[in-house]
Amino acid sequence: MSTTVKFLTKNFGQYDTASIGSYMNIGGFTALRQAVNMNPEDICTLLSEAKIRGRGGAEYPLGRKWSQARAVQGENKIVVCNADEGETTTFKDRELIKNDPFNLIEAMIIAGFVCGATDGYIYMRGEYACYRPLLLNAIRQAKNYGFLGENILGKGFDFNIHLYSGGGAYVCGEGTALIRSIEGKAGRPRMKPPFIKVSGLFARPTCLNNVESLSLVPHLLTDKETYMNCGSGESIGTKLISVAGNVNNPGVFEIPFGTTVREIIYGLAGGVQHDRKIQLIQFGGASGKVADSSVLDTPYTYDDLRAAGVMVGSGGLLVIDERTSVLDFLRMNQEFFSEESCGQCTPCREGNLHIKIILDKMAHGAATSEDIKTMGTIARVMSMSSLCGLGETAQNTLQSAMKTFPDVFALGGTNS
Ligand SMILES: Cc1cc2nc3c(=O)[nH]c(=O)nc-3n(C[C@H](O)[C@H](O)[C@H](O)COP(=O)(O)O)c2cc1C
Ligand code: SF4
């Protein structure tokens, strides 16, 4: 029943992650050598043919992003690797950093070459401090071997990588907040425009990508066929997912797109503990959406999940069994957003708080139908008028729960 594939994860356990020589023995830096002999625009075309969508959650096409980054006028462009991984239930990027650090470094150099950048920054969440020595060592060794620094591979291309650790705020995964954090300012989002592709880190044109999006590139350059043979339609290739919650075997799995949700939960993740019933499944972390078990036979693809009312998002998948009520789950999710809102704009700061109060009232049997209506209105206003993606998506879970579990919101219902 279980379907996994080794494309993005094929280097895991195959080399000594502290040694560039060991990485090169399994073909490391072949993709970079290949890339610098290609027309950068052809690399963007390859990414577009593979239909890679950003793996950080927003699902923006990678080939288009790199092509736009190339086209932006400006000196000393920057590529940033978003290794903040603050979305709840999402822990896949950590596996890529831990098990294949040289591939990430190689990917960033390729990104720098394609986008015409001179510097790369890795912004890694504070909680991943234990992986700093691994990455710093990989950067140092890549520099010693001439893969970083000046005139890389004799192609007149200069590029360096810097590592920065965040302080552990969820909002710092948002592009403009992340940039301010690296600049030494408070990690708070700013209004756009200017977009970061035009004026980002240190006011330089900046291309921001997730760890998994970047990590795919060297593999795609050297083994396009395997990737293209997985999945179909708009969801080609493989996806790294992290499964958490009440399952027997939580963890990170690389699946070909098209694997069903049932195969993921009952095959790879070993099924629900003690064969309990599934209460709900949350896709894409706290800012994602929820479904009930009717979603089990849905293939894990962008289009099929969307049609089922959920999303790929960050690749997190949380299984909650029948012991937790939908309402308690929503209160916990809401607690997260009330804590993590940076408080800068009114819809998100006040909206998150107000929704939390109404959910608590519901739990105490004190909510009125007017409260429920107000909660729906606040959720809609937040998604339309918040300053950044945090406020815009904070109510995805609530709004999808209102559709999926109408009984919970019909006062006096059974599932509250
Ligand atoms: C509140 C918030 C938190 C985010 N956290 C992350 C994160 O931890 N990692 C990530 O890659 N993207 C995160 N994103 C999405 C990024 O803003 C951005 O879309 C992404 O890094 C772009 O890379 P991609 O196109 O490769 O996905 C977050 C967005 C928001 C609004
Ligand atoms: S939406 Fe929320 S997190 Fe984003 S700027 Fe406004 S208050 Fe801060």
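Only the coordinates and a few stated rules stand behind these numbers; no lab work does. Quick caveat, the model's predicted, so the values are computed rather than measured. No Cβ is skipped: glycine too gets one built from the backbone with ideal geometry, and neighbour counts run over all protein chains shown.
General remarks:
- All lysines inside 17 Å of Lys10 as judged from Cα atoms, apart from same-chain residues fewer than 8 positions distant: Lys92, Lys98, Lys224, Lys239
- Helix 62-71 and the longest principal axis of the Cα set of the chain meet at an angle near 50°.
- Relative packing of peptides 294-301, 252-259, 37-44 - highest average C-beta neighbours within 10 Å first: 252-259, 294-301, 37-44
- When you filter the trypsin sites (Lys or Arg not before Pro) in region 145-211 for DSSP loop state and at most 14 other Cβ atoms inside 10 Å of their Cβ, you are left with Lys155, Lys185.
- On Cα atoms only, tilt of 132-144 relative to the major axis of the chain in degrees: 20 degrees
- Helix 369-385 and the longest principal axis of the C-alpha atoms of the chain enclose an angle of approximately 20°.
- Taking a ≥ b ≥ c as the square roots of the Cα gyration tensor eigenvalues, region 20-226 comes out rounded, since a/c falls below 1.5.
- Rounded, prolate or oblate (a/c below 1.5 giving rounded, otherwise prolate when a/b exceeds b/c) for region 230-321 by Cα gyration tensor: prolate
- At most 14 other Cβ within 10 Å, DSSP loop - trypsin sites (Lys or Arg not before Pro), region 317-416: Arg323
- In loop segments of region 156-224 as defined by DSSP, the GluC sites (Glu not before Pro) with at most 15 further C-beta atoms inside 10 Å of their C-beta are Glu183.
- Amide N proximity, region 352-393 versus Leu411 label position 7 Å along Cα-to-Cβ, cut-off under 11 Å: 362, 365-373
- Normalised contact order of the chain, rounded percent, pairs of Cα under 8 Å and 6 or more residues apart: 17 percent
- Shape of region 274-416, Cα gyration tensor, a/c cut at 1.5: oblate
- A cut-off of 5 Å between modelled amide H atoms, ignoring neighbours fewer than 5 places along the same chain, links Asn210 with Arg55, Gly56, Asn82.
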